[in-house]
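J.: Just dropping this structure here.
Here, each number is a calculation from the coordinates, and none is a lab measurement. Owing to the predicted nature of the structure, the values given are computational and were not obtained by experimental measurement. Ideal geometry is used to build each Cβ from the backbone, glycine not excepted, and the neighbour counts take in all protein chains shown.
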Amino acid sequence: MAAKILGKPENITSFLLDRSRRASFTLYNNNTNFMEARNADGSWAGPDSGWTEGDKWIYTLDVVHDVPQLIQHRGGNLSFVKSLDEHFDGGHNQHTNEPSHHIPYLYSLAGAAFHTQERVRSIAAENYNNTPIGLSGNEDCGQMSAWYIFSAMGFYPVNPVSAEYVVGAPFYDEMIIDLPQPDAMVQSKRLTIKAEGAKNKKYVKSLTLNGKAVLQPILLHEQLVGGGEIVFEMSDNVQEWGNDPEILRSLLHRSKEMHYNIYNDGVVEYLASIYRTAATVHLNQRLEQTLRGGTRAVTIT
């Protein structure tokens, strides 16, 4: 991008862009599906060599400038989401150090926004409190606090130079941000973030920006710098918003018994339609009655 802005010839800018996209994955070991350090002769150094403030899991997921290619390398959206579950459930996420900070937001980029909403809320509760030792790790130029502030607002810059924010779920009913303008003589603009019931509701049902529906879990920097109003509609339960139906269907069917305390008839019908149209899923009478009756628990047996 710098070369392009500087007016360099297209063949040079194309070469540099292609090289930047390939560079990270020269360290990707296709035999293990993890990043791995190389020795001076180009051979693999071993899965546990060369890491600092993290392990092979954390640094494999640290390709913030090209998440789509990372997802592709790890087998597509569903496989990627399952590997993120393995990362967290296996105790690899280390929020005390910055290389892990973006990882819960990767779920949203793979069609599983509800997992971002769950993981972010859990991480905040476990790593932050209002005591003299309220940060779980070194502040490191403000990054520990910055993660919390962004997450509390409901979005996070996974790749800061992209000018995009990945949506999570806000922590508070309302936050007001004063945005200083480049011209000191111009009054600051105000960005208001509303999320009624956010303290006890972690799932996003809908999102609007200045009255217009936002259908994907992405906000652009240019949409926010002029101020305005972001409104999250929150829910106690997993919602359709930001989630790939294929991901939802697979994750629901993956476990023999899962409960998704559903209060919204529309979501019950949405989930029911998924199962009715899935040739590989066989409904038993109990599940069919649960879905049609609109009860609070979806039980898969």
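J.: Could you give the dipole magnitude of region 138-204 about its Cα centre, charging the beta-carbon of Lys and Arg +1 and that of Asp and Glu -1, in debye to the nearest 20?
T.: On the way: 6 positive and 8 negative charges, 59 e Å.
Dipole magnitude for region 138-204 comes out near 280 debye.
J.: Can you figure out the FRET efficiency of residue 126 with residue 11, using R₀ = 41 Å and their beta-carbon distance, to the nearest 0.05?
T.: Efficiency at R0 = 41 Å is approximately 0.25.
J.: Now, a different point. What lysines sit close enough to residue 212 to cross-link, taking a C-alpha to C-alpha distance under 16 Å and skipping anything fewer than 8 places away on the same chain?
T.: Partners within reach: 194.
J.: Which value, in Å to one decimal place, does the Kirkwood hydrodynamic radius take for region 1-126 when every pair of different Cα atoms is included? Intermediate results must be reported in sequence, preceding the final value.
T.: Values: mean 1/r = 0.0624 Å⁻¹.
After inverting the pairwise mean of 1/r, the radius is 16.0 Å.
J.: Here's another thing I want to ask about it. Report the label-to-label distance for residue 146 and residue 179 in nanometres (one decimal), using points 7 Å from each Cα along the Cα→Cβ vector.
T.: Placing both labels 7 Å beyond Cα along the Cβ direction yields 1.8 nm.
J.: Return the Cα extents of region 122-231 along principal axes one, two and three, sorted largest first, each rounded to a whole Å.
T.: Taking the Cα atoms of region 122-231, the three principal extents are 38, 36, 24 Å.
J.: How large is ³J(HN,Hα) for each residue in region 128-138, as worked out from phi by the Karplus curve 6.51 cos²θ - 1.76 cosθ + 1.60 (θ = phi - 60°), to whole Hz, x for Gly and Pro?
T.: Couplings: 9, 7, 9, 10, x, 10, x, 10, 7, x, 4 Hz.
J.: In addition: In sequence order, what are the phi-derived ³J(HN,Hα) couplings for region 90-106 according to the Karplus relation 6.51 cos²θ - 1.76 cosθ + 1.60 with θ = phi - 60°, rounded to whole Hz, with x for glycine and proline?
T.: x, x, 7, 6, 10, 5, 5, 10, 5, x, 8, 5, 7, 4, x, 7, 5
J.: Follow-up. Roughly how big is region 1-100's charge dipole about its Cα centre, with Cβ charges of +1 (Lys, Arg) and -1 (Asp, Glu), in debye to the nearest 20? It would help to have the intermediate numbers written out before the result.
T.: Working: 9 positive and 13 negative charges, 106 e Å.
With Lys and Arg at +1 and Asp and Glu at -1, about 520 debye.
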